[in-house]
Structure formats: C-alpha cells, structure tokens
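Novice: This structure is in structure tokens; I'll ask about it shortly.
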Amino acid sequence: MVAGAGVPWPLVQPSLQVGRRSLGGSNAYVASVRKIATVVFVALCTSACGSAASTTAGTSTPSASIPIGWRTYAYGRAKISVPPDWTVVTPKGCTVRSAGGILALGTPKLLANCPVGVSSIVVASMSPAAAQAVAECPAIKINGLDAHVLPCTSSNARGIVQYVVPALGIEAVGTGTSGENVSGTGTNTVVGQILHTLR
C-alpha cells in the first residue's frame, strides 16, 4: 500500500533492473564510440540527403500533445509525460517529500520520502489479470494505440483508473488525491491528462 493513501497498488510485479557499467576511458571504448557515431552520422545523412524522387508511403502514429515544460520518461517501449512538479520513484524511494504527484516506473519496492496524499501513476509490465480484462473492456485510441480502460464492468468508488496498452506491453494505474475521481477515459484531471500522453 502507498503510505497513508489507503489505496492498494496494482497487482503487477515486473522486475526493475537497474545496473551501472563503468564506461572507462580506454582506447577500445573511445574507438567503439567513434564507430557508433560514424554509423549514426551516415544513417542520418542518407535519410536527410537522399534522392528527392524517392518517396515511400507509410503509416504514421499520431504523436501525443505534451504541455510545455512536462518531462517524458520511458518504461520498456512506453513513454509517458508528467508535469515538472511530479517526482519519480527511484529504487531508493523518492528524492523529495513534497511534489504535485508521484510517477513510479515499475512496481516500487520502497516508498521512502515519497509525498503522501498526492496523485500517483504506476506504469508496469502488463499483468496476466490485466491481459485477461482486455477481452472484457472495449478499447479507446490514445496516440494511435488501443488502450483498454478499467474497470469497465463494475463501479469504481475509490477513483482508481487503469489503462492497459497491449501494444506496449504495459498497464498504467492512476489514483487521484483524496476524494478526487480519476476514473474513466476523460482528461479533466491531471491523472487523466498524463495517461493520455502514453505512447
């Protein structure tokens, strides 16, 4: 449970792996970085400087409308954006005790120093229960992706909303502040606005 919020976290348990690798200053490392930079430069030049006569038809995914100043974070293949006054839960907990809201990427194991009584969103790998619920709940389109909004078969007195996005392999669970109703597909709350930045 989130300390003091009285609202359970979703029943997902992805593994959150955080690792560090020493980059060092060896000649082999510098040479490999130069090779990668050269490949990237050639690829960019080829795509930007290519023949004007060659055109390819393709489909594009609509991009999210992100308010100016919001920060974007990635979890697996998913991206989500939050207001600048939100804090992100790290493996050591939160870095601040006061924030507009909390974003957790993966199921947090530690909520030390996290603000209490604020809105929160947890983005995690899609659980078997969420995958099963996809069949029961119709999808809405968010940034070109199908998102199934739960609960769709029962009432939600606590104001918890869950977006399941199979194409990204994630689910995002949002809760509002005390008494705030964030359920449904709308964007009339900060939680709703944030969930609509999933891409």
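Novice: Looking only at region 88-126, count how many residues are in a loop (DSSP other than H, G, I, E, B), hydroxyl-bearing (Ser, Thr, Tyr) and crowded, with 18+ Cβ neighbours inside 10 Å.
Specialist: Qualifying residue count for the region: 1.
Novice: Within 14 Å of Ala78 (Cβ to Cβ), of a type in the set (S, T, N, Q) and out of contact with any strand residue (DSSP E or B) (no Cβ under 7 Å at 6 or more places or on another chain) - does that describe any residue in region 131-144?
Specialist: Checked against the condition, which is being within 14 Å of Ala78 (Cβ to Cβ), of a type in the set (S, T, N, Q) and out of contact with any strand residue (DSSP E or B) (no Cβ under 7 Å at 6 or more places or on another chain), region 131-144 yields at least one hit.
Novice: Still on this structure: Give me the pairs, please: first residue somewhere in region 95-114 and in contact (Cβ under 8 Å) with a residue 12 or more places away in the chain, second residue anywhere and in a loop (DSSP other than H, G, I, E, B) and of a type in the set (Phe, Trp, Tyr), beta-carbon distance under 9 Å, and either six or more positions apart or on two chains.
Specialist: Taking only residues 6 or more apart or on different chains, the pairs are Ala104/Trp9; Thr107/Trp9; Pro108/Trp9.
Novice: Evaluate the following for Val96: is it under 19 Å from Leu198 (Cβ atoms) and among the hydrophobic types (A, V, I, L, M, F, W, C)?
Specialist: For Val96, the condition - under 19 Å from Leu198 (Cβ atoms) and among the hydrophobic types (A, V, I, L, M, F, W, C) - is not met.
Novice: Further question: Determine if region 128-148 includes at least one residue that is in contact (Cβ under 8 Å) with a residue 12 or more places away in the chain, crowded, with 22+ Cβ neighbours inside 10 Å, in contact with an Asp or Glu (Cβ under 7 Å, 6 or more places away or on another chain) and not in a strand (DSSP E or B).
Specialist: yes
Novice: Would you check which residues across region 113-144 are charged (D, E, K, R) and either modelled with pLDDT of 90 or more or closer than 17 Å to Val191 by Cα (or both) and list them?
Specialist: Passing the criteria: only Lys141.
Novice: Right, next: Being farther than 19 Å from Tyr73 by Cα and not in a loop (DSSP other than H, G, I, E, B) is the filter; apply it to region 152-199 and report the residue that is modelled with the lowest pLDDT.
Specialist: Ile160
Novice: A further question on this structure: Mind listing whichever residues of region 183-199 are free of Cβ contacts under 8 Å to residues at least 24 places away in the same chain and either in contact with a Lys or Arg (Cβ under 7 Å, 6 or more places away or on another chain) or among the small types (Gly, Ala, Ser) (or both)?
Specialist: Selection gives Gly186 alone.
The values are calculated or read from the model by the stated rules, or taken from the named source; none is laboratory data. Note that the structure is a prediction, hence the values are computed from the model and not measured. Glycine also receives a Cβ, built like all others from the backbone with ideal geometry; neighbour counts cover every protein chain displayed.
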